[in-house]
Amino acid sequence: MVNRETMAQYLAIFVLLALGIVFGAASLVASALLAPRKQPSAAKLAPYECGIIPSREPPQRFPVRFYLIAMIFIIFDIEIVFLYPFAVILHQLRTFGLVEVLVFAAVVLVAFLYLVSNGALSWGPPKRLVEGMGSRTSETTIERVGAGASSSDRAA
Amino acid sequence: MSVLGSFAGSSSTLVGGLPSSLAVDPLFSRGVHWQEVVIVIIRVLVAFGVLLGSVVMMIWFERKLISDMQSRIGPNRAGPWGLLQTLADGIKLFFKEDLVPNRSDRFVFKLAPYLTLVPALLIFSVVPVGGVVTVAGHTFELQVADPPMGILVVLAMSSISVYGVMLAGWASGSKYPLIGSVRASAQMISYEAALGLTVIAVVIVSGSLSTRAIVAHQAPAFWDWNVLRLGVVPFLIFVVAITAEMNRPPFDLVEAESELVGGFNTEYSSIRFALFYLAEFMGVITMSGVMVTLFFGGPDGPIPRFIPTSDLWFPSVWFLAKVFVFLFFYVWVRAALPRLRYDQLMDVGWKALIPLSLAWLLDVGAVIVWGWWALVVIAVEIALGGVLWRAFVVGSRRSEVAAIYPPIASRMLTVVPEPTAEEEQE
């Protein structure tokens, strides 16, 4: 039932939206009028890195896990989108609606199980296991240093 | 029209039988004329003023309370008890140089503060702050707007605020803001899923998306509040998810000062920084209001009828008291809890909150439809939870064995460590 009275409910939201934008714009204008208007130095305009002069561009590539998170989110977001209409009329749908949603949730769960069992949600750098790593003593250190020297000898 | 008219008189008819999903502000029951538009504009202006004022007070409250908890004095110079400190800070920021860094994307850099401020403001529009009042022949609700899908406005706006943080960091053209914003976007969408699933449980028992109908459904007494009716767990999930969604401590990895300077807003100065700051605290207040609306009956509470006209304003007192409890809670959490590590944050969101909230909402539906037979559903869910746990263990083990290196002593001999079988599969 979309009539004029229902749509009028959104009027206030749009008025508030306009007010918010006007408030933000007015504060920026006030700032532009009141703030000092000198040309800032090059050091001030440079990216802030705690006083170190930035030597390279900010990274363009990110760990693929961030993209994976976004993709898994889409699965759940679609599930949520479908669940809202169901939630409103569950009292009318009764068993039919509930069974439908349980099946739907089970299907999503299978997809989720596949993803997490492949390690899609394991964070942090991969832990590097070292086989049979013994305790460090002066003997092992001498062995390592000696081994390094011998390998260079062998290369020569 | 008749539906609207009957609803205006008795919001309590929602409690029994089929609740109407067409809850509409009775203000427009006689059509839309210029008087109604004037009332709407007055309501918006009052709400805006009250919200800005309470943000100013909230910033002072947070600083003062945290300094009390840390045995400091806190702001005490500007005004009595330092009450005007926020105002002084705001005025100072107007007089500061407005920098746009030379590596930034100028348009997006200037757009981003709006994308965080405006959604935070719009969420407040659907929060019922009081009862239904009649002034000069016009009956209206004490809330800015009551659209039929009010709670979706909250979710939509909290989704849009992800863009503000994301674009602010990206447009800065600087290292730390970019890292902060990439973290933020992953964090906010993760917890948005948990948030959406928890709200569905509330919608199931209320049978309506309108915030006013959700509040009316929790009406008679406190044991009807959703926090108890849904079994506390959805409320706890909601609190955690909403805290992460707003990037408040202990989930403030977005602006982790120890690692990222200031996070996504490092490059912002002057009034643009103030807009981010304003949006953050506005978010705290509006989200506390949403929490009270969804789980604590909104403005519901016993009214002392012996005080004249208390029907009109006492619900608002209840609402403010409940919101204040949550504001205190947020500051307390900030003072008490350390920040999470990023992998812990993601684990809490994906491995605990999302499966639990999904299972709980299905339980709520099953209890409503099948009564005691819902125990079967719960048993199946517990079994599937075990399967899920197994999947998490397998998953973390798979990513762990990605690299097995030979012992250190032999690694020195072979200059390039030979890849193991698992590495070659990768």
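What follows is calculated from the coordinates using simple rules that are stated; it is not laboratory data. Everything numeric in this text was worked out from a predicted model, so none of it was measured. Cβ sites come from the backbone with ideal geometry, for glycine too, and all protein chains shown count toward neighbours.
With both labels modelled 7 Å from their Cα along Cα-to-Cβ, the B:Lys96 to A:Glu143 distance reads 5.9 nm.
Rounded to the nearest 20 debye, the dipole magnitude of chain B is 820 debye, with +1 charges on Lys and Arg beta carbons, -1 on Asp and Glu beta carbons, and the Cα centre as origin.
Taking Lys and Arg as +1 and Asp and Glu as -1, the other residues whose beta-carbon sits under 15 Å from that of B:Gly196 total -4. Here the spin labels are modelled as points 7 Å beyond Cα on the Cα-Cβ line, and at A:Asp77 and B:Asp343 they lie 2.7 nm apart. Legend: residue pairs B:Lys110/B:Lys322; B:Lys96/B:Lys175; A:Lys38/B:Lys175; B:Lys110/B:Lys351; B:Lys175/B:Lys322, Cα-Cα distance threshold 30 Å; pairs beyond threshold, B:Lys110/B:Lys322; B:Lys110/B:Lys351; B:Lys175/B:Lys322.
The rule of thumb for compact globular proteins, 2.2 N^0.38 Å, goes into the C-alpha radius of gyration of region B:62-180 1.48 times.
Pairwise inverse Cα distances across chain B, averaged and inverted, put the Kirkwood hydrodynamic radius at 24.2 Å. Once you reduce region B:79-133 and region B:330-380 to the center of their Cα atoms, the two points are 33 Å from each other.
The simple Förster model, with R0 at 51 Å and r as the Cβ-Cβ distance, assigns B:Asp105 and B:Trp81 a FRET efficiency of 0.75. Placing unit charges on the Cβ atoms of the charged side chains and taking the dipole of chain B about its Cα centre, the candidate lying farthest along the positive direction among B:Pro338, B:Phe273, B:Phe238 is B:Phe273. The Cβ shell under 11 Å around B:Pro250 holds other residues with a net charge of +3, Lys and Arg each +1, Asp and Glu each -1.
Computed over region B:267-403, the alpha-carbon pair-distance distribution with 10 angstrom bins reads 9, 19, 25, 26, 15, 4, 1, 0, each value a whole percent. For region B:141-248, what does the equivalent ellipsoid look like in terms of its semi-axes, each the square root of 5 times an eigenvalue of the Cα gyration tensor, given largest first in whole Å? Square roots of five times the eigenvalues give 32, 16, 10 Å. In terms of surrounding Cβ atoms within a 10 Å radius of their Cβ, A:Arg65, B:Arg106 rank from fewest to most as B:Arg106, A:Arg65.
Counting every alpha-carbon pair across region B:215-307, the share separated by more than 18 Å comes to 59%.
By the count of other C-beta atoms within 10 Å, a proxy for reagent exposure, A:Tyr48, B:Tyr176, B:Tyr191 are ordered fewest to most as A:Tyr48, B:Tyr176, B:Tyr191. Ranked by how many other Cβ atoms sit within 10 Å of their own Cβ, fewest first, the residues A:Thr95, B:Thr198, A:Thr6, B:Thr266 fall in the order A:Thr95, A:Thr6, B:Thr266, B:Thr198.
Overall, region B:64-145 carries a charge dipole of about 320 debye about its Cα centre when +1 sits on the Cβ of Lys and Arg and -1 on the Cβ of Asp and Glu, all other atoms neutral. Please work out the C-alpha center-to-center distance from region B:210-261 to region A:1-75 and express it in whole Å. Comparing the Cα centres of region B:210-261 and region A:1-75, I get a distance of 25 Å. Rounded to two decimals, the Cα-based Rg/Rh of region B:100-153, with Kirkwood Rh, is 1.28.
Label zone of B:Val38 (point 7 Å out along Cα→Cβ, amide N under 20 Å): in region B:119-137 this covers B:133-137.
Placing unit charges on each Cβ (+1 for Lys and Arg, -1 for Asp and Glu) gives chain B a dipole about its Cα centre, and among B:Gly90, B:Val284, B:Leu152 the Cα reaching farthest toward its positive end belongs to B:Gly90.
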